[in-house]
Amino acid sequence: ARFTSLDKIVAQKLEDFALDPIRNWEAAEASLVREKVEGLHDPIRYYLLDVDWEVQAFVCYYAGRRGLVDLLPEIEETYDEAKFAIIRRKAVEAAVAFAKGKRGAEAHEFLKKGLIDKEPGVRLLAVEGLETLKDKESLATAKKDKDHDTRYRALGALAHLGDQSAQEQLLKGFMAFAGSKDLQRRASLETEDVGERYAQFLNAIYLGYWGGEAGLKQLSMALQRKDIYRNKLFLAIGSAVSLGKARPASDRAKKLRARALKEALGGRDAVVRAMAAFAAGYTLDEAYVRPLQLLTTDAQLDVRHNAVEALGRIPGERSLAVLLTVIKAERDVPVRLACVRALSRHPEDAAVDGLIRGLKDKRYMVRASSAQMLGRRGSAAARATRALLKSARDQDFGVREAAVVALARIGTPEALPGIVSALKDRDAEVRIRAMRALGRYRRTELAKKDKDAAVRVVKLYVSASKKRQREAASKCLLAVRSPHAVPPLLAALQSRKYGDRNAALKILMKFNRGDRLGFNPKGSDIERNKGVKRWKEWWAGGGPISAPPPAPTKRANQDILDFHRYTRDLRWRGVDLVLAYDSTGSMLPVIRAVKQRLDLLIEESAHIVTNLRMSLFTYRDEGEEYIFYGTPLTHSLDNLKAFVQVAEANRGGDLPEAVTATVDAAVNRLDWREDAQKVIVIIGDAPYHPERRMELFKLARDFKKRRGVIHAIYTDPARLGEGIKARRKRQSSTVSYPFLDRLDEMARESGGRAITIEDTRMLISEILVLSFGEEWRDQLESRIDFE
């Protein structure tokens, strides 16, 4: 009652967020940003007391983004009473934002409280805020933390603040990883490793935070693999990223950093050039465009690939011009794919021209990725409509799928015929994408007027033999609500098949506010004919087709779709996801895909679940340089993208690999959160050792008891070729592989399953489906495609 008029506007927007079944944080924040800061305190204070945990988490997040430090006492109280770690994380995130403002000291005690939270992600955030406040005493405590990321982050913060002991500890630790001849000969002496290689990587990362010349010299030596660092690949990639992100403490240090990177970019060692190219992207500095341009013609594919990725990170017309040249001239598919991704990061209109060029590529993977990235630009890619219409008729079904989705997201009037034409595609999955696209097409009035589209969707709906097709058609019909859909639905009421009659009635009832007009699909011929007559009279009288139901009037934790309830549940529980991939020689395409697409997987997952931790494992077998190595579960997902860059496909030869040892390490040596959804995904083309079968199956059963699940993705080498121009027919789901069957046996012991994929482009969507459940495939694909 005491809210001002502006308060009431803000309160209504927060209530709208609370009522939204999907709850888009970014959209809600953008809407609230339009209001004046002065009017926000009372309604946000009110909603901090809300009974809905996600509303509380969002309000903490938003208060931090807007710098509403006066609300700190209420945010701290929310933190103290929070049942779920996601609320505590967002509350501490707000305190970190306050620490960076003019009144940052007020957040000090709260941040110290966050430093002893039981959730590692909260402690990691608290370190960032305490560094801003220059609290060396608290950071000295954090440098003893058991969590790798928190411990090294605190060391880096202390070193940057001038703490000599932390500087020495980082420097000595860095050199200790190559401190003996045995250590120098190998990347690590650990053959079964859950964190040692990751610790090398983190030590290098945070040595760059210090910014001192002594540290930068060691980083330069490690990156260039000089002397004792020749074989220390994890120090090298950490050093590369560290130099890219470094905080040089003096002008001399800045020059030292620049010289180190440029020398590495022009070095003789291809591995060094590849890592330096990856690092140059983190600088965001146009001074590196020319050296990177030279590397785009390097003899080594990995060097060219990383140079292109770096050019995608560096803003400006100079880097964009190089990418536009590369996509025309590059000979290898992985580099052209990287070029498509790099172009998508550039906001300039000219990037659209490069992506249109990608639609004409000889290989389907590049064409499909180009279509996908054009769609993500939305209306800004309107001039690509004509090219996408052509792609919607591509020989490859995956390209047609991506093109239809892109046409809907771009939403020009000219795009509609391409979507409608795809409703008649020979491939069932393309037709499903087309129906989803028509339902999401922004120009609803144009879609309503298209008779051909309505008739076709009704036919696909009524005649559907599979649930996925019927659900897609139903959602399309209810989203568009075209009057042209009514006559074929009325005709279906007269079908001799009960299923057709019942299906048609369900849509007609939703058009008519739930009234069935006395029609009984199970009735006698005479009864049904009378019902059909009443429906025809209704339509002859003008219908009308009722509007979609109004927005919900209850809070979003009531009467919501199962998928939204499920994902909301995961947001507070969190998801702990382990990706474990075989790194023997035959896995080269998959390892490249993991390197190239890990950021996309992280991005897509974060849109659905904001409370995600990941771990990466790779494995070979006994007698190799390593049996397996992996990272702890971490919130620092950007670090994983860099860490995976040293993965190589090598050796192998005998078929069984160390699946059992890897699963054992993941299940028993990682710090899984008690309430989180626990998922392990094994990716490989070889089975486990048969003599360890019972041990592996017991591990899977034990993991199931802890609410964990193990899945497997079998990567058929014959289907992953990057030289394929087009796939005219989708692989049959009945295709069987002996190794897939063995992996499926393992997975089923934990309640999971094993699948095979047709190409590495599918890796992201399939990992998400496995993580969330096959029953949510349609909803996940819709989120990935359209949201």
Residues that are over 20 Å from residue 8 (Cβ atoms), open to solvent by 10 Å² or more (accessible area, probe 1.4 Å) and modelled with pLDDT of 90 or more: does region 48-59 have at least one?
yes
Only helices (runs of 4 or more DSSP H) wholly contained in region 138-232 count here; list those with 1 or more residues that are over 18 Å from residue 629 (Cα atoms) and open to solvent by less than 40 Å² (accessible area, probe 1.4 Å).
148-160, 164-176, 196-210, 213-223
Scan region 275-287 for residues that are part of a helix (DSSP H, G or I) and open to solvent by 10 Å² or more (accessible area, probe 1.4 Å) and jot them down.
275, 282, 283, 286, 287
Please enumerate the residues belonging to region 661-699 that are aliphatic (A, V, I, L, M), open to solvent by 10 Å² or more (accessible area, probe 1.4 Å) and part of a loop (DSSP other than H, G, I, E, B).
670
Yes or no: region 172-183 includes at least one residue that is of a type in the set (Lys, Arg) and modelled with pLDDT of 95 or more.
yes
Would you confirm whether or not region 738-747 contains a residue that is modelled with pLDDT of 70 or more, under 30 Å from residue 335 (Cβ atoms) and either open to solvent by 20 Å² or more (accessible area, probe 1.4 Å) or small (Gly, Ala, Ser) (or both)?
no
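Rundown of residues vs (1) over 30 Å from residue 424 (Cα atoms); (2) modelled with pLDDT of 95 or more; (3) charged (D, E, K, R), yes/no style:
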{"position": "319", "(1), (2), (3)": "yes, yes, no"}
{"position": "324", "(1), (2), (3)": "yes, yes, no"}
{"position": "332", "(1), (2), (3)": "yes, no, yes"}
{"position": "356", "(1), (2), (3)": "no, yes, no"}
{"position": "361", "(1), (2), (3)": "no, yes, yes"}
{"position": "381", "(1), (2), (3)": "no, yes, no"}
{"position": "392", "(1), (2), (3)": "no, yes, no"}
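Residue-wise test of (1) farther than 20 Å from residue 124 by Cβ; (2) part of a loop (DSSP other than H, G, I, E, B).
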| residue | (1), (2) |
| --- | --- |
| 49 | yes, yes |
| 55 | yes, no |
| 58 | yes, no |
| 77 | yes, no |
| 94 | no, no |
| 106 | yes, no |
| 110 | no, no |
Any chance residue 290 is out of contact with any Phe, Trp or Tyr (no Cβ under 9 Å at 6 or more places or on another chain), farther than 20 Å from residue 330 by Cα and either modelled with pLDDT of 95 or more or not in a loop (DSSP other than H, G, I, E, B) (or both)
no
Please verify whether residue 132 is under 24 Å from residue 283 (Cα atoms), modelled with pLDDT of 95 or more, open to solvent by 30 Å² or more (accessible area, probe 1.4 Å) and under 34 Å from the mean Cα position of the chain (by Cα), treating the condition exactly as stated.
yes
Only one of these is touching a residue at least 40 places away in the same chain (Cβ under 8 Å) and under 25 Å from residue 240 (Cβ atoms): 276, 342. Name it.
276
For region 157-170, name all the residues that are out of contact with any Leu (no Cβ under 7 Å at 6 or more places or on another chain) and not hydroxyl-bearing (Ser, Thr, Tyr).
160, 161, 162, 163, 164, 167, 168
Within region 233-265, can you find the residues that are outside any helix (DSSP H, G or I) and under 16 Å from residue 171 (Cα atoms)?
246, 247, 248, 249
Taking region 233-274 as the search range and keeping residues that are open to solvent by 50 Å² or more (accessible area, probe 1.4 Å) and small (Gly, Ala, Ser), which one is nearest to residue 294 (Cα to Cα)?
266
Taking the condition closer than 20 Å to residue 411 by Cβ and over 20 Å from the mean Cα position of the chain (by Cα), does residue 374 pass?
no
Contacts under 9 angstrom Cβ, first residue in region 227-252 being on the phi > 0 side of the Ramachandran plot, partner not aromatic (Phe, Trp, Tyr), 6 or more apart:
227/178; 227/184; 227/221
Scan region 79-92 for residues that are among the charged types (D, E, K, R) and either in contact with a strand residue (DSSP E or B) (Cβ under 7 Å, 6 or more places away or on another chain) or not in a helix (DSSP H, G or I) (or both) and jot them down.
83
Members of region 60-76 found to be touching a residue at least 24 places away in the same chain (Cβ under 8 Å) and open to solvent by 50 Å² or more (accessible area, probe 1.4 Å), listed by number
65, 66, 70
Do we find a residue being over 23 Å from the mean Cα position of the chain (by Cα), crowded, with 23+ Cβ neighbours inside 10 Å and among the polar types (S, T, N, Q) anywhere in region 386-400?
yes
Only one of (1) open to solvent by 10 Å² or more (accessible area, probe 1.4 Å); (2) modelled with pLDDT of 70 or more fails for residue 36. Which number is that?
(2)
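The values are calculated or read from the model by the stated rules, or taken from the named source; none is laboratory data. This is a predicted model, so every value here is computed, not measured. Because the Cβ atoms are built from the backbone with ideal geometry, glycine has one as well, and the counts that use them run over all protein chains shown. We work out accessible area using only protein heavy atoms, side chains counted, and drop any ligands, DNA or RNA first. Shrake-Rupley method; radii C 1.70, N 1.55, O 1.52, S 1.80 Å.
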